[in-house]
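Down below is the structure, laid out as structure tokens.
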Amino acid sequence: MSKVIDSVSAFMERLVAKNPSQPEFIQAVHEVAESVMPIIESTPAYRKARLLERLVEPERIIIFRVPWVDDRGEVHVNRGFRIEMNSAIGPYKGGLRFHPTVNLGLLKFLAFEQVFKNALTTIMMGGGKGGSDFDPKGKTDNEVMRFCQSFMSELFRHIGPDTDVPAGDIGVGGREIGFLFGQYKKLANRFCGVLTGKGLEYGGSLIRPEATGYGSVYFAQEMLATRGESIKGKVAAVSGSGNVAQFTTEKVLELGGKVVTLSDSNGTIVDLDGINEEKLAWVMDLKNVRRGRIGEYCDKFKGSEFRANKRPWDVKCDLAFPSATQNEISAEDARTLVGNGCICVSEGANMPTEPEGVDVFLGTKILYGPGKAANAGGVAVSGLEMAQNSQFYHWRREEVDARLQGIMRSIHENCVKYGAEDGFVNYVRGANIAGFVKVAEAMLAQGVV
Ligand code: GLU
């Protein structure tokens, strides 16, 4: 065991030296390295092929200038990125994030996570991620369109349905995907499945908008079932109020649970009466059509409370669905959740729990589903969208939903296969090893490329 710990330390030391100022990337790699090093140490072929060293080096990084003109005629310059991380098991696949915090290290963490997540889905998809430090908040539709067109004017030459297939992430939803697709089609003179998350009218898949949120609740259902529990009658804290949070809430309600929180970067709304279907419909209109802030909920629905600059984690709950962004649960938050009786955490966001928080969840042996397993439903249905596009055909809603449920079940089974420790499932280890083994075998078969 101490040889494994030494190997992880030596590997991380080299990684940090080579990638300074990329804390999220270092954090994501560290977790995976701890999980997979015992397998690497005991498999000479993996060691000899330097698989881990190759996995942390993106196959290609594209960085480009994105100039655009606002409605007043002023010129702005943003930075665009696409990280093509690993294509061992399929074309690069992963979302685009438009947010002021976007930088190279942040996208490398997301691209790295995506490689393992995509492998878990069982669909042929490699890993990638991209985006820009552009902030869509407060911009008009026309400004967003001009930005997206400028972004795609460079990106289009690097992507394609068999090469690299971007999708949405924070700040990139249906509106942005539409503008990006329009510009791709114009420049490439090709109508194809080059992006996922498209509108239904032009090749999108049913259930894609719902998929990440629904999938994370399906994953929670699977975890709860291992202890004879279910969603019914449980109180859930959800963070975020975007696409993932909205459809997580919808599915929890449908399965008989009660959701008492939502949040955004300004604070948390707490509604102990429960956010019912009618209130959720209002939130969806607020966020997706009027593009307002979640705090407005408390002006509309009396009896609810707005907690400025607070996260939901001190609100008593049985289930927690972090669905906002990375590092939103600290060790203290994790202790508060467990202390208040939370029995299950299913991560709709990517890496929302800090490493010390993960240690709290694993140490107390609650049901803890890390993002790369629990939120894989989104990219899984993106994979189903690619399959439908390649047939020039679309599947019924029930069919896509059934496939999504099947995929979440198989991800859960794989986590159990690799993560079972007497009477407890370590889903972190399970997800990391299951994802790693698939990609590692493909890399070995393909030689040193
Ligand atoms: N951005 C989502 C994720 O983090 C979806 C990516 C995709 O559909 O390609 O997995």
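Since every read-out is calculated from the coordinates, none of them should be taken as a lab result. It should be emphasised that the depicted structure is a prediction, and the values quoted were computed from it without experimental measurement. When we count neighbours, we look across all protein chains shown, and the Cβ atoms used for this are built from the backbone with ideal geometry, even at glycine.
One table, with the values for the structure above:
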item: Selected from Val32, Val217, Ile89, residue furthest toward positive end of dipole (the chain; charges at beta carbon); result: Ile89
item: Farthest positive-ward along the range 119-205 dipole, Cα basis, beta-carbon charges - from Gly138, Gly171, Gly193; result: Gly193
item: Overall form of the range 247-394 per C-alpha gyration tensor (a/c, 1.5; a/b vs b/c); result: oblate
item: Rounded to 5, percent antiparallel among DSSP beta bridges of the chain; result: 60 percent
item: Peptides 116-123, 404-411 ordered by average Cβ neighbours within 10 Å, highest first; result: 116-123, 404-411
item: Net charge of neighbours whose Cβ lies under 11 Å from the Cβ of Val345, counting Lys and Arg as +1 and Asp and Glu as -1; result: -3
item: Calculated Rg and Dmax of the range 323-449 using C-alpha coordinates, Å; result: 17.0, 51
item: Dipole magnitude (debye, nearest 20) for the chain, charges at Cβ of Lys, Arg, Asp, Glu; result: 840 debye
item: Approximate spin-label separation Asn309-Val77, in nm, with each point projected 7 Å along Cα-to-Cβ; result: 3.4 nm
item: Equivalent ellipsoid semi-axes - Cα gyration tensor, the range 102-195, angstrom; result: 22, 18, 11
item: Proxy reagent accessibility, fewest Cβ within 10 Å first, across Ser7, Ser263, Ser346; result: Ser7, Ser263, Ser346
item: Paired Rg and Dmax values of the range 1-122, which use every Cα atom, in angstrom; result: 17.3, 62
item: Lysines whose Cα lies under 18 Å from that of Lys258, excluding same-chain neighbours fewer than 8 positions away; result: Lys232, Lys234, Lys279, Lys302, Lys316
item: Helix-only [θ]222 nm of the chain, DSSP H runs n ≥ 4, -39500 (n - 2.57) each, per residue, nearest 500; result: -15500 deg cm²/dmol
item: The range 290-449, dipole about Cα centre (Lys/Arg Cβ +1, Asp/Glu Cβ -1), debye to the nearest 20; result: 480 debye
item: Exposure proxy ranking, count of Cβ atoms within 10 Å, fewest first, for Lys198, Lys300; result: Lys300, Lys198
item: Reciprocal of mean inverse Cα separation for the range 298-352 (Kirkwood radius, Å); result: 12.2 Å
item: For the range 288-329, projected area of the alpha-carbon convex hull averaged over all directions, nm²; result: 4.2 nm²
item: Loop-located chymotrypsin sites (Phe, Trp or Tyr not before Pro) in the range 344-449 whose Cβ has at most 12 other Cβ within 10 Å (DSSP); result: Phe392, Tyr393
item: Share of Cα-Cα pairs in the range 179-247 lying beyond 20 Å, as whole percent; result: 49 percent
item: Cα point-scatterer Debye curve for the chain, base-10 log of I(q)/I(0) at q = 0.06, 0.08, 0.10 Å⁻¹; result: -0.23, -0.43, -0.68
item: Dimensionless Rg over Rh [the range 181-322; C-alpha; Kirkwood]; result: 1.06
item: Overall Cα dimensions of the range 320-379, principal axis frame, Å, largest first; result: 33, 18, 16
item: Furthest towards positive pole of dipole, Val270, Ser7, Gly447, structure part the chain, Cβ charges; result: Gly447
item: Test item: Cα-centred dipole of the range 277-350, Lys/Arg +1 and Asp/Glu -1 on Cβ, debye; result: 280 debye
item: Ordering of 315-322, 141-148 by burial proxy (mean other Cβ atoms within 10 Å per residue, highest first); result: 315-322, 141-148
item: Mean-position separation - Cα centroids, the range 39-56 and the range 310-337, in angstrom; result: 35 Å
item: Cα centroid of the range 255-295 to Cα centroid of the range 196-210, whole Å; result: 23 Å
item: Global geometry of the range 1-63, whether rounded, prolate or oblate, following the gyration tensor of its Cα atoms and the 1.5 cut on a/c; result: oblate
item: In the range 105-206, lysine pairs with alpha-carbon atoms under 28 angstrom apart (chain gap of 8 or more, or interchain); result: 21
item: Cα convex hull of the range 64-114, projected area averaged across orientations, nm²; result: 4.3 nm²
item: Ranked list, fewest to most other Cβ atoms within 10 Å of each Cβ, for Asp169, Asp422, Asp271; result: Asp422, Asp271, Asp169
